[in-house]
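Report on one structure; see the data block that follows.
No value in this document is a laboratory result; all are computed from the given coordinates. Because the structure is a prediction, the values reported are computed rather than measured. All Cβ positions, glycine included, derive from the backbone under ideal geometry; neighbour counts span all protein chains shown.
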Amino acid sequence: MKMVKIAYIGGGSRLWARGLMSDLALEKEIGGEVSLYDIDLEAAENNAIIGNKMMALEQAVGKWTFTVAKTLEESLQNADFVFISILPGTFDEMETYVHAPEKWGVYQTVGDTTGPSGIFRSLIMMPIYAEFAEKIKRFAPNAWVINFTNPMTMCVQMLYHVYPEIKAFGNCHEVFHVQMILAKALKEVKGIDATRHEIQINPQGINHFTWINYASYKDMDLMPIYQAYVDKYYDEGVHGDNWVHVGPFGSAERVKFDLFKRFGVIAAAGDRHLVEFLPHEWYTKDKETIDKWRFFLTPVSLRKQIKERGNASAKRIIEGKENVVIHGSGEEGILQLKAILGLTELITNVNMPNYGQIPNLPIGHVVETNALFRRNDVKPIYSGEMPELPAEMTRPHVMNHQRLLKAFDQRDLSYALEAMYHDVSLSHLSKKDIKAMFIDVIERINHYLGYYTETPKELFN
């Protein structure tokens with residue numbers, strides 16, 4: 001058994017931590033220590049108790065010890081791997097930047113990646129990730145760093161921006177869901193059962209705005225099969241009128257079907273993520289349009305409820321009133337660790353700087369493609385050029401990422417306002433309205449923006 005140390009930044013997580021613990025409990029080829037660090041020390045301490053209880057279960061084959069670090073430096077010391085899974089700020093700030101723009105008719109479905117929410121979340125995140133990168137460089141320079149936090153592209157970009165030699169990549173499961181849809185299409189159209197792992201794809205783009213121009217099952221081209229599936233379900237979606245029962249994080253998949261008809265390639269993210277990258281009038285013009293395309297607006301109040309349920313569950317487990325349960329997460333983080341340790345090889349989608357794997361997107365900008373994982377090596381796989389229409393829709397978001405990095409470098413929020421002016425989801429608004437929205441949110445989350453000391457005072461006039 002390979003023994004390693006994992007530093008888990010955000011180790012008080014109510015969701016990701018339980019999934020990681022379960023995956024580790026079910027893995028018999030690696031073991032070691034998971035050092036949990038969180039600004040909420042009590043949450044990390046609770047997770048350490050839960051993780052160690054989980055390892056004592058009969059079905060747990062992993063040999064792991066969960067410890068709590070009181071400082072980031074302590075957690076990183078001698079780490080082989082670093083997992084980052086945090087919420088930049090709190091749900092109170094998120095509630096502001098997700099819902100305040102509704103005053104201007106801007107409805108944000110997820111609110112953690114792009115649009116106004118992505119901009120404000122990035123502003124909070126960048127100084128935090130700068131510290132992470134600096135501390136990793138000092139205390140764990142050879143560790144592999146895996147990011148699970150959104151906005152994914154900007155988080156990974158920030159790590160490389162501060163520490164260019166870092167060995168980091170970002171994980172996202174949105175592409176997995178589209179592989180599952182392709183497997184369903186294969187079953188329905190051809191009667192063939194396949195798992196998502198048997199569906200070979202070529203993802204390319206930026207996180208949550210990723211596209212598939214190649215899909216295969218063994219010797220079978222799946223693009224015509226997906227076309228038939230889209231044609232069948234385009235009008236009503238895959239769940240018909242029962243789509244409302246898929247839950248507040250789901251959809252009827254109608255947006256991705258419409259984008260396939262527009263562009264001829266498969267949109268490889270959930271509908272709720274995709275719409276935030278696109279012009280306001282396409283899918284989020286008003287609530288009637290949102291209902292027509294059959295996806296949910298997920299309120300931040302629901303996320304707060306989930307957090308409270310997680311807290312209550314942790315308390316019951318610690319008090320012995322609830323049993324610890326092992327549930328594999330379906331994520332690939334542990335498979336990636338095994339491949340980097342030389343125990344296997346793996347090809348999967350990750351977010352890394354563009355070294356040329358997508359030639360028609362800017363070099364150096366973080367993109368999402370497949371990568372090959374092997375002993376102490378993660379190599380992005382050349383995906384070819386993106387089809388021009390999706391590439392054209394992607395470039396404005398890349399430029400906004402560069403504006404946000406400039407806001408960090410110059411400590412000046414003016415560049416973030418410039419990003420707001422160029423955001424495609426706000427193209428229907430006047431500059432006056434966009435600035436009013438920007439100032440309204442900035443003033444309400446200002447306690448998290450003390451880093452930006454060079455912002456001209458006249459910006460708020």
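Size descriptors for the stretch 404-454 (Cα atoms only): Rg and Dmax, in that order, 11.2, 31 Å.
Would you mind getting the Kirkwood hydrodynamic radius of the stretch 119-254 from its Cα pairs, rounded to one decimal in Å? 17.6 Å is the Kirkwood radius here.
Work out how much length L335 to K184 would gain on full extension: take 0.36 nm times their residue separation and subtract the Cα-Cα distance, in nm to one decimal. Display every interim value, and only then the final one.
Numbers: separation 151, 0.36 × 151 = 54.36 nm, distance 2.44 nm.
Extending this stretch completely gives an extra 51.9 nm.
With K and R counted +1 and D and E -1, the other residues having a Cβ less than 12 Å from that of L72 yield a net charge of -2.
Plugging the Kirkwood radius over Cα pairs into Stokes-Einstein for the stretch 174-293, at a temperature of 4 °C and a viscosity of 1.567 mPa s, what D comes out in µm²/s? Before the final figure, lay out the partial values.
On the way: Rh = 14.6 Å.
Taking Rh from Cα pairs, D becomes 89 µm²/s.
Tell me, how many Å apart are the Cα centres for the stretch 233-251 and for the stretch 1-21? The stretch 233-251 and the stretch 1-21 have Cα centres spaced 34 Å from each other.
Using the Karplus relation 6.51 cos²θ - 1.76 cosθ + 1.60 with θ = phi - 60°, the per-residue 3J(HN,Hα) values for the stretch 438-447 come to 4, 5, 4, 6, 4, 5, 8, 10, 4, 5 Hz, with x marking Gly and Pro.
So what does log10 I(q)/I(0) come out to for the stretch 33-139 at q = 0.12, 0.18, 0.24 Å⁻¹, using the Debye formula with one equal point on every Cα and no solvent? Taking Cα atoms of the stretch 33-139 as identical point scatterers yields -0.58, -0.94, -1.21. Taking the centroid of alpha carbons for each part, the stretch 379-452 and the stretch 92-158 are 12 Å apart. All distinct Cα pairs of the stretch 372-461 go into the 1/r average, and the inverse of that average, the Kirkwood radius, is 15.6 Å. A simple charge model with +1 on the Cβ of Lys and Arg, -1 on the Cβ of Asp and Glu and nothing else charged puts the dipole of the stretch 3-65 at about 120 debye relative to its Cα centre.
Based on Cα coordinates alone, diagonalise the gyration tensor for the chain, multiply each eigenvalue by 5, take square roots, and list the semi-axes in whole Å, largest first.
Working: eigenvalues 202, 170, 102 Å².
In descending order, the three semi-axes are 32, 29, 23 Å.
With loop membership from DSSP and a limit of 15 other Cβ atoms within 10 Å, the longest segment of the chain without GluC sites (Glu not before Pro) is 59-164.
Under the simplified labelling scheme, the A436-R374 pair shows an inter-label distance of 5.9 nm, with each label point 7 Å from Cα along Cα→Cβ. About the centre of its Cα atoms, the chain shows a dipole size close to 420 debye [charges on the beta carbon of Lys, Arg (+1) and Asp, Glu (-1) only; nearest 20 debye]. Evaluating 6.51 cos²θ - 1.76 cosθ + 1.60 at θ = phi - 60° for every residue in the stretch 95-103, the Karplus couplings come out as 4, 5, 6, 7, 9, 4, x, 4, 4 Hz, glycine and proline recorded as x.
Counting pairwise Cα distances across the stretch 195-261, what percent come out greater than 19 angstrom?
I get 45 percent for the Cα pairs in the stretch 195-261 exceeding 19 Å.
So what does log10 I(q)/I(0) come out to for the stretch 165-232 at q = 0.11, 0.21 Å⁻¹, using the Debye formula with one equal point on every Cα and no solvent? One equal scatterer on each Cα of the stretch 165-232 leads to -0.29, -0.86.
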